[in-house]
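In what follows, a single structure is set out as structure tokens and then discussed.
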């Protein structure tokens, strides 16, 4: 198994765990764990493959679905042992984000040859699973949290694209880019890193606008 | 018209009716009925075809869209006659769920040969239309309701996959699997069947976590 | 550059601006502007190409993504100058809606030869970007606003399809259809045009239904 394949399975597994943790926060039944776990686990990659016009990865290799099922069952029986499921969810999401930023950029570059497409696919693939999970579980979206999130995916995807352009060997590029993304997102989670947000007034509710 | 084709049109029609009923609950205009009805009616199958890499069914055969339009107009003029539109919506959704669990599993098996993919496609196809409808109409998601929902789709898709594996003739497999899914979901609606949900504490709001 | 290509870039650019304005209303950081701007800008066309089974337009030509990036940066530095960002958002959305209703219908007709598919693709392409933006930004959906919205897309897509059927030259059909859609949506914004909505009672909350 190559490093990219390992990253791929790891991304699927940790995103599946975040989906199952969201199911546990919503007190769903075991099937709810399987459903949210699987959709979150395979969502980002499915989206990536559709956009790039490639066969969807888990249709050709259903082992990915079985990984999601196994992880969801594991979370169902162990989630009560965790003190803060939401913190665990955020940290696992950080791992998945980093893995998928690399995988998305690698597949995007491979399919199009364009660095722009590589970076965009890295960001979209890394963030899509979490967006889907939060939408389906009715959680507040990770996108709208104040600390850095999309930026971590952007950094990882850009790092991979740059190193690939410089002909650095694939496994080194992947490892360095994964670590970069994880450091950025991990720092944001640990230390609350954030950019200066847009300084102007917040939006009014539509019905308050004359 | 084969039994599978009939199930297909029936699934589209009843999902279109649930979308139009959601439009009526939100007091939209006739175009809102057409829009939500059509999207709910063709959403699940569109998603199924995209994932399996097949041509989207209604692009090749726009009659499906015309079915949605007809149903939406019918609901626009008759919905006020119904005592509880939401109950009717849930029961029609149960019919659509059962029809699409079978259709999704059949197309998934056909395209991939893998039972896992058949089952997953059955579940995704059956649940996607309802998820989309609830998201667009701002209704609470059927997914997060306490009684059994995804399980019914899973049962129907698994039953079809098993019977197909045992070389039972297609029309019998389809009929038995449809009935199985509908009995499970109908029982849940009628008698409030539910699994024991996850027993631990519910999730805190993100801002309450120290 | 043909008129259709111009409409295409214009649609991407103005939808990107509405995404960035939504980011400013939510006080996101610069990356949030880039992300929401890009997704809103390329969302509708991505969806159109996936459904029609065509290569996704920006994967083959990443210049579209760079347009979104440029527009998002521009909005980041100028949005505070605007008195009502939400009104500007709605008017730009009207331009994008009109451009995409034409582009969607043109590509849909081209790919399928069916007027029904042309009209449906016009409506879906025109409305998808705004739906996505509102979902991701947590804004109330434009779909559920009382004034005419989907109808404007439907009018533009139908006008284009009709003129194309009558063998009117492409650039005239496109211009007339764009203007028609914009007049309908602009009139709705300016004068509050709306259809009589569904006259019956609004839906109860699910938990209030006996």
Take residue A:58 and decide whether it is crowded, with 21+ Cβ neighbours inside 10 Å, on the phi < 0 side of the Ramachandran plot and in a helix (DSSP H, G or I).
yes
For the range C:162-169, check the following and say yes or no: at least one residue is over 30 Å from residue A:145 (Cβ atoms), touching a residue at least 40 places away in the same chain (Cβ under 8 Å) and touching a helix residue (DSSP H, G or I) at 6+ places or on another chain (Cβ under 6 Å).
yes
I need a count of the residues in the range B:124-138 that are at the interface with chain A (Cβ under 9 Å from one of its Cβ atoms) and over 15 Å from residue B:149 (Cα atoms).
1
Hey, residue B:91 hits all of (1) touching a residue at least 12 places away in the same chain (Cβ under 8 Å); (2) farther than 26 Å from residue A:48 by Cβ; (3) in contact with a helix residue (DSSP H, G or I) (Cβ under 6 Å, 6 or more places away or on another chain) but one; which does it fall short on?
(3)
Going through B:121, B:103 one at a time, which residue ends up being more than 14 Å from chain A (Cβ to nearest Cβ) and either buried (at least 24 other Cβ atoms within 10 Å of the Cβ) or not in a helix (DSSP H, G or I) (or both)?
B:103
Got at least one residue in the range A:188-205 being buried (at least 24 other Cβ atoms within 10 Å of the Cβ) and touching a residue at least 24 places away in the same chain (Cβ under 8 Å)?
no
Does any residue of the range B:161-178 turn out to be over 22 Å from residue A:133 (Cα atoms), modelled with pLDDT of 95 or more and within 14 Å of chain A (Cβ to nearest Cβ)?
yes
Would the range C:106-114 turn up any residue that is more than 10 Å from chain A (Cβ to nearest Cβ) and over 26 Å from residue A:47 (Cα atoms)?
yes
For residue C:82, state whether it is within 11 Å of another protein chain (Cβ to nearest Cβ) and buried (at least 23 other Cβ atoms within 10 Å of the Cβ).
no
Condition (residue is crowded, with 20+ Cβ neighbours inside 10 Å, over 24 Å from residue C:119 (Cβ atoms) and either modelled with pLDDT under 95 or more than 9 Å from chain A (Cβ to nearest Cβ) (or both)) applied to the range C:40-53: is it met by at least one residue?
no
Positions within the range C:71-91 being farther than 17 Å from residue C:134 by Cα and in a helix (DSSP H, G or I), in sequence order
C:71, C:73, C:74, C:75, C:76, C:77, C:78, C:79, C:80, C:81
Considering the range B:61-73, residues that are within 20 Å of the chain's Cα centre (by Cα) and more than 10 Å from chain C (Cβ to nearest Cβ), and then whichever is surrounded by the fewest Cβ atoms within 10 Å (Cβ to Cβ), we arrive at B:70
Is there a residue being more than 15 Å from residue A:35 (Cβ to Cβ), facing another protein chain (nearest Cβ under 10 Å) and either touching a residue at least 40 places away in the same chain (Cβ under 8 Å) or out of contact with any strand residue (DSSP E or B) (no Cβ under 8 Å at 6 or more places or on another chain) (or both) anywhere in the range B:140-159?
yes
For residue A:31, indicate whether it is facing another protein chain (nearest Cβ under 9 Å), closer than 19 Å to residue B:120 by Cα, in contact with a helix residue (DSSP H, G or I) (Cβ under 8 Å, 6 or more places away or on another chain) and touching a residue at least 24 places away in the same chain (Cβ under 8 Å).
no
Whichever residue in the range B:190-203 is over 14 Å from residue B:150 (Cβ atoms) and within 12 Å of another protein chain (Cβ to nearest Cβ) and, among such residues, is modelled with the highest pLDDT
B:203
Hey, does the range B:44-51 have a residue that's assigned to a helix (DSSP H, G or I), out of contact with any strand residue (DSSP E or B) (no Cβ under 8 Å at 6 or more places or on another chain) and closer than 25 Å to residue C:148 by Cα?
no
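The values are calculated or read from the model by the stated rules, or taken from the named source; none is laboratory data. These numbers come from a predicted model, not from an experiment. Here Cβ is always computed from backbone atoms with ideal geometry, including for glycine, and neighbour counts include all displayed protein chains.
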